Amino acid sequence: MHIPDGFLDTKTWVTFTIVSGFAAGAAARIASKKSDAKKIPMMGVMAAFIFAAQMLNFPVAGGTSGHFMGGVLAAVLLGPAQGLLVMAAVLVVQCFVFQDGGITALGANIFNMGIVGSVFGYLLYLLFRKTGRTVSVFAASLLSIVAAACACAIELAVSGTVPLKAALPAMAGVHVLIGIGEGIITVAVLGLIAKVRPDLLNSVSNNK
């Protein structure tokens, strides 16, 4: 889902750079007001975990592969603003150090995986929350992956890279399977945290 350089036209990547820049700035202001001291090292640990987890690919249909994104996990544990900042930090390092995702496409990638994947994913988690933590986390993780993939397809179509009627079903279809993997991993990680550090999950209700 990391868009490389050259896949987005100028108007598209400039627009998403501005949108993601404003969103990251707003998230930083919110996080600075609401974060307690314990969340600062947790953000670093979460960024490192997500970065490492994204390096591991798992096979999906048609010979393609997917990887864990981590947006919902970060948002549920830390809050949506902090989740966006964690995802942005991961994507910046991947872009500038490992050339995973283009520099001009960085704003779009942050929008897809940070704003859609983490913030929108957290809203989905709240929507399904009455069904219980396992179901709500799984559903939010799966749907956030599909939504991020659809956003990516729309960006490519708007840029004239690929027709929407081809990109949207292809991206959405394969990312349903990737989303299932995302949901399973997120539920498993939160289940482990619930056993060893339940206090971290007790603060979820304050992560707004």
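Brief remarks on what is shown
- Neighbour counts of other Cβ atoms within 10 Å put Asp199, Asp5 in the fewest-to-most order Asp199, Asp5.
- Close amide H partners of Ser159, meaning residues 5 or more places away or on another chain with modelled amide H under 5 Å apart, are Asp9.
- Shown here is the pair-distance distribution of the range 82-138: with all Cα-Cα distances grouped in 10 Å bins from zero up to the longest one, the shares run 26, 40, 22, 12, 1 percent.
- Relative contact order, percent, the chain [alpha-carbon distance under 8 Å, six or more residues apart]: 26
- This ranking places Ile18, Ile154 by how few other beta-carbon atoms lie within 10 Å of each, fewest first, which gives Ile18, Ile154.
- Least to most buried among Ser32, Ser136 (fewest other Cβ within 10 Å first): Ser32, Ser136
- Considering the range 10-206, its Cα convex hull presents a mean projected area of 10.9 nm².
- For q = 0.17, 0.22 Å⁻¹, Debye-computed log10 I/I(0) when each Cα of the range 106-180 counts as one equal scatterer: -0.62, -0.91
- In plain terms, the chain from Ala170 to Lys130 could stretch by 11.2 nm, reckoned as 0.36 nm per residue minus the Cα-Cα distance.
Every number in this text was worked out from the coordinates using simple rules, so none of it is lab data. Since we're looking at a predicted model, the values are computed, not measured. Here the Cβ is made from the backbone with ideal geometry for all residues, glycine too, and neighbour counts use every protein chain on show.
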